[in-house]
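Asker: Next up is a structure, given as structure tokens.
The values are calculated or read from the model by the stated rules, or taken from the named source; none is laboratory data. As the structure is a prediction and not an experimental result, all values here were calculated from the model. For neighbour counting, all protein chains shown are included, and Cβ atoms are generated from backbone atoms with ideal geometry for every residue, glycine included. Quick note on the areas: whole protein, heavy atoms, side chains included, nothing else; ligands and nucleic acids left out. Shrake-Rupley method; radii C 1.70, N 1.55, O 1.52, S 1.80 Å.
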Amino acid sequence: LTNTNEPIGVAVVGAGYWGPNLIRNLGNHPGFELRAVCDLDLDRAHKAVGRYSTVRVTSDLDEILDDTRIGAVAVATPPSTHLPVALACLGADKHVLIEKPLAPSTADARKLVDEAEARDLVLMCDHTFCYTPAVQRIREMIRQGVIGDVQYVDSVRINLGLIQPDINVFWDLAPHDLSILDFILPDDRRPVMVAAQGADPIAAGKECVGYLTLQLDGGAIAHAHVNWLSPTKIRTTIVGGSTHMLVWDDLQTSQKLSMFDRGVDLRADSLQGETREQALISYRVGDIIAPALPEIEALHAVAGEFEASIREHRAPLTDGHAGLRVLDILERADDSLASGGVAVPVSGEL
Ligand SMILES: NC(=O)c1ccc[n+]([C@@H]2O[C@H](COP(=O)([O-])OP(=O)(O)OC[C@H]3O[C@@H](n4cnc5c(N)ncnc54)[C@H](O)[C@@H]3O)[C@@H](O)[C@H]2O)c1
């Protein structure tokens, strides 16, 4: 499979709301040949592939597991089914691209990571936002030192949202912010503690408004505000660096990303013998640059990374460990909520 340029046979399991996006992108990608779509609801699977398609449609996962021409499977079933479905695919020696969240708990996610590693298979999480041109560029700029040291990340993801029956607002919206953070932060700015505060003002039985604060290595901080009860939709992330600051507004149609040559510097020498208030503070106000971003659908890039990691026999950019780290922070956030919002250590060793 890995030594040839033949397209990799792929199947998609789950053809509900998100699955059709995977079907379309994997179906159109030159690296893959879409061979089958599986959904317990056959009508949905038929609708997703279209009336004239020759792609096989089935409600029986075993048909996919037994097909040796299928080397990879994309899983877009509900999170509660991720463990059995993905474990079966890995057990049949298929590489797996799995929707976020990787699993409903770190314990389940760990089983998937271990199984993939034991079988030397790719396990990739579809952390879709990480493959948007804006986030790819932010990561690149941070890693190349363009904005200096990361001092803070401030993220807002709020709208009048669907109150989910089984999860709180953190589990619904924050996986996006956490997977983006995991992707863009440099190695010397990893999360060490998390504190979560939430409120349920409409008595939904779960937090509908939430604030997540992450202490990062080196004294930096990250904050995510997630809210189902906001009258307007906001999707903005600010990354403060010691030399430049980035503002990403995902709702803009053009100029989603801006880089500000702005900053506040405290002159170290001015601190000697003076109080903090008397120290010399200088404000820098320079140009604002709008980096040119390619027009590419994130899921096309997801498919490309899935193919490349299979062929190059390497971990994908958003591998199972990235999925585990996101889940660990969500679980620790639940611990923090249960204990009144105290900061809880996160495990960095995932
Ligand atoms: N990456 C993103 O931005 C993004 C966006 C939306 C949803 N998602 C994720 O995609 C996944 C699916 O979400 P959705 O909103 O499409 O859900 P959905 O309920 O609309 O669709 C799930 C489909 O899976 C089918 N299914 C359930 N169990 C199955 C099984 N064992 N075998 C085969 N088919 C089965 C159902 O019949 C249904 O058609 C979730 O993990 C969700 O978090 C990701």
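Asker: For Met193, are the conditions met, namely being under 14 Å from Arg139 (Cα atoms), open to solvent by 10 Å² or more (accessible area, probe 1.4 Å), in contact with a strand residue (DSSP E or B) (Cβ under 6 Å, 6 or more places away or on another chain) and in contact (Cβ under 8 Å) with a residue 12 or more places away in the chain?
Answerer: no
Asker: Okay, next question. Would you check if Thr81 is surrounded by fewer than 17 Cβ atoms within 10 Å (Cβ to Cβ), farther than 29 Å from His223 by Cα and within 11 Å of the ligand (Cβ to nearest atom)?
Answerer: Yes; evaluated as a whole, the condition is true for this residue.
Asker: With Ala74, Ala103, Ala134 as the choices, which residue is over 13 Å from Val10 (Cα atoms), within 11 Å of the ligand (Cβ to nearest atom), of a type in the set (A, V, I, L, M, F, W, C) and touching a Leu at 6+ places or on another chain (Cβ under 7 Å)?
Answerer: Matching residue, one of Ala74, Ala103, Ala134: Ala103.
Asker: Being modelled with pLDDT under 95 and of a type in the set (Val, Ile, Thr) is the filter here; which residues of region 244-273 pass it?
Answerer: Thr253, Val264
Asker: Could you please let me know if Ala116 is of a type outside the set (Val, Ile, Thr), more than 9 Å from the ligand (Cβ to nearest atom) and out of contact with any Cys (no Cβ under 9 Å at 6 or more places or on another chain)?
Answerer: yes
Asker: A further question follows. Could you list, in sequence order, the residues of region 31-77 that are in contact (Cβ under 8 Å) with a residue 40 or more places away in the chain and among the acidic types (Asp, Glu)?
Answerer: If the condition is that a residue be in contact (Cβ under 8 Å) with a residue 40 or more places away in the chain and among the acidic types (Asp, Glu), then Asp67 is the only one that fits.
Asker: Next up: Which ones in region 1-22 are aliphatic (A, V, I, L, M), away from the ligand (no atom under 11 Å from the Cβ) and not in a strand (DSSP E or B)?
Answerer: Correct list: Leu1 only.
Asker: Right, another one. Counting just the residues of region 162-212 that are under 20 Å from the mean Cα position of the chain (by Cα) and among the basic types (Lys, Arg), which one comes out nearest to Pro104 (Cα to Cα)?
Answerer: For region 162-212, the residue satisfying everything is Arg190.
Asker: How many residues are of a type outside the set (A, V, I, L, M), open to solvent by less than 20 Å² (accessible area, probe 1.4 Å) and under 23 Å from Ala290 (Cβ atoms) if we restrict to region 117-147?
Answerer: 2
Asker: Only residues that are crowded, with 17+ Cβ neighbours inside 10 Å and assigned to a helix (DSSP H, G or I): list them for region 44-69, please.
Answerer: Passing the criteria: Arg44, Ala45, Ala48, Val49, Leu61, Ile64, Leu65.
Asker: Have a look at Ser155, Ser179 and point out the one that is small (Gly, Ala, Ser), crowded, with 21+ Cβ neighbours inside 10 Å and in contact with a His (Cβ under 6 Å, 6 or more places away or on another chain).
Answerer: Answer to the check: Ser179.
Asker: Might you check whether a residue that is near the ligand (Cβ under 9 Å from one of its atoms) and either open to solvent by less than 20 Å² (accessible area, probe 1.4 Å) or over 26 Å from the mean Cα position of the chain (by Cα) (or both) occurs anywhere in region 86-98?
Answerer: yes
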